[in-house]
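Everything on this sheet refers to the single structure shown next.
Please treat every number below as a calculation from the coordinates, not as lab data. Since we're looking at a predicted model, the values are computed, not measured. Virtual Cβ from ideal backbone geometry, glycine too; neighbours counted across all protein chains shown.
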């Protein structure tokens with residue numbers, strides 16, 4: 001089985017976000033980067049599926065050279081090779097078109113990625129890729145097994161779960177608890193250094209949306225503290241002052 | 001040319017977030033000098049669908065093929081694409097949700113349309129077509145120029161104040177042909193908590209963290225939620241420990257919520273949790289640790305023992321009714 005796992009290179013979930021250059025660029029000073037947490041779940045499940053039934057895992061990133069440490073980490077976790085499409089993705093459609101261009105010649109049985117990237121939170125790239133390749137897409141997938149040519153999986157629906165079966169190939173947006181995150185071991189880290197990482201240039205795509213500026217939410221006012229022995233006044237304040245009850 | 005709005009149904013009722021999408025779409029239609037058409041998929045009475053008229057829709061297309069009874073995003077996308085073509089729509093409004101994102105994505109790829117998800121305000125038409133959207137899980141916003149001939153916008157809860165008016169909408173049955181390729185997946189089973197208030201729709205959420213000390217101690221929180229008519233949520237550690245079901249997990253890697261009132265009980269306020277709740281209108285934090293970071297993000301705070309404070313709040317709510 002051939003699996004393609006798409007990963008994003010995103011600021012750590014605990015990163016403080018600020019901007020530079022007149023609010024047109026993310027301030028990267030002091031920001032740690034990580035593999036998108038949802039993508040990391042997808043990768044972990046791909047590694048488990050490969051351990052069980054063999055096959056290969058290619059990891060794909062649409063990003064600039066600063067993604068390489070995350071790509072090497074994915075290789076250390078268990079991917080066999082990597083492809084990076086060299087560009088700064090700013091739009092879901094553009095990103096999906098790059099993934100589809102790579103995937104179309106690869107005959108992948110499974111294309112896995114996170115349910116969304118945690119920088120832009122769009123949650124649409126898996127659907128776009130699926131439609132561009134003419135194959136089904138599902139998200140958010142929280143359980144996945146492969147039997148022969150059939151995927152048996154569960155996706156989260158509002159207030160519960162739906163269990164599905166579908167023939168491969170598929171594009172799946174993943175989330176926990178599909179697998180536990182994996183930490184690379186020393187052997188993985190050593191072998192990752194020599195695994196192939198191919199850098200390709202992006203294909204031309206119509207520019208359908210472009211970022212013009214960033215902004216931050218208005219700062220929150222001070223928290224009004226209510227003494228515990230007067231907790232009941234909270235309900236009055238929520239009614240008369242905040243007017244939310 | 002009409003602006004097309006997709007609405008989600010829950011047991012035959014239009015969801016509240018979808019009514020906001022209707023109001024948003026109607027407001028955009030007005031700026032474009034055109035009408036607003038709603039697409040509803042699944043079982044619903046005409047009287048319920050007519051509600052869309054009160055929020056500004058002129059017409060409702062109702063697709064109710066039995067094959068559409070499951071929320072199949074691919075089939076829904078085919079229906080939406082057919083509706084866009086029939087109406088000649090250039091602007092399509094979806095309420096941001098897993099289903100809408102999935103179907104919007106497939107439609108965007110079918111039609112070569114722009115898709116922007118997480119929009120928080122009406123578009124700015126003074127210079128092209130610009131929208132503001134939430135990024136970094138609510139920690140920031142981006143202004144995006146939308147350039148496609150067809151524009152699909154996924155709007156976040158509270159992007160607009162939906163006012164119920166007195167307008168009416170005509171209802172038309174809509175039965176486009178459904179491609180077989182949309183039905184290759186078989187639904188084996190569905191597990192759905194019944195009668196539970198949905199977190200993404202709820203006006204009030206009462207949420208618990210590790211400070212609740214274990215699943216057997218959840219009753220005081222559930223009592224307050226019941227008294228307030230609130231949905232219940234939890235922090236990531238709580239769902240990781242299986243104290244509460246996974247679909248209650250609120251935060252950066254869980255559900256993002258935007259209620260009018262969010263009450264956090266025994267949740268310290270890790271940045272990842274705050275990212276999932278920072279779009280709430282009013283936040284209350286109850287924690288015995290005065291240094292808990294949640295107090296910096298909250299509007300009201302009580303430093304105290306949740307097992308003392310919660311029952312007293314429940315009592316106060318009941319007495320104030």
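As I understand it, the value is the acute angle between the Cα axis of helix B:73-87 and the longest principal axis of the Cα atoms of chain B; what does it come to in degrees, rounded to 10?
Taking the Cα atoms of chain B, the angle to B:73-87 is about 50 degrees.
What number, in nm² with one decimal, is the all-direction average of the projected area of the convex hull of the alpha-carbon atoms of chain B?
Directional mean of the projected Cα hull area for chain B stands at 17.5 nm².
Based on the mean of other Cβ atoms within 10 Å per residue, sort peptides B:310-316, A:216-222 so the most packed one is first.
Peptide ranking by packing, descending: B:310-316, A:216-222.
Taking a virtual spin label 7 Å from the Cα of residue B:191 along the C-beta vector, which residues in the range A:148-175 bring their backbone nitrogen under 15 Å of it?
A:153-164
Counting each DSSP H run of 4 or more residues in chain B as -39500 (n - 2.57), what helix-only mean residue ellipticity at 222 nm follows after dividing by all residues, to the nearest 500 deg cm²/dmol?
That comes out to -9000 deg cm²/dmol.
Could you work out the relative contact order of chain B? I mean the mean sequence separation of Cα pairs under 8 Å and 6+ apart, divided by the number of residues, in percent.
14
Helix A:68-77 versus the longest principal axis of chain A: what is the Cα-based angle in degrees, 0 to 90, to the nearest 10?
The answer is roughly 70 degrees.
How much length is gained if the chain between residue A:216 and residue A:25 is pulled fully straight, taking 0.36 nm per residue apart and subtracting their Cα-Cα distance, in nm to one decimal?
In short, 67.5 nm is gained.
In whole Å, what three semi-axes, largest first, describe the equivalent ellipsoid of the range B:77-204 built from its Cα gyration tensor (square root of 5 times each eigenvalue)?
So the equivalent ellipsoid measures 25, 22, 18 Å along its semi-axes.
With each pseudo-label sitting 7 Å past Cα toward Cβ, what's the residue B:85-residue B:70 distance in nm, one decimal?
Once both label points are built, they end up 2.5 nm from each other.
Counting only DSSP beta bridges with both residues in the protein assembly as shown, what percent are antiparallel, rounded to the nearest 5?
35
Packing-wise, with mean Cβ within 10 Å as the measure, how do A:194-206, B:21-33 rank, highest first?
B:21-33, A:194-206
By average Cβ neighbour count within 10 Å, what is the ranking of A:60-69, A:143-152 from highest down?
In descending order of packing, they fall as A:60-69, A:143-152.
Hey, what's the per residue convex hull volume over the C-alpha atoms of chain A, in cubic angstrom?
Roughly 191 Å³ of hull volume per residue.
Mind checking the angle between helix A:92-104 and chain A's longest principal axis? C-alpha axes, 0 to 90 degrees, to the nearest 10.
Once rounded, one gets 20 degrees.
Ignore the peptide's own chain and count Cβ atoms of other chains within 10 Å of each Cβ in B:141-153; give me the average, rounded.
The shielding value for this peptide is 5.
Ignore the peptide's own chain and count Cβ atoms of other chains within 10 Å of each Cβ in B:243-256; give me the average, rounded.
3
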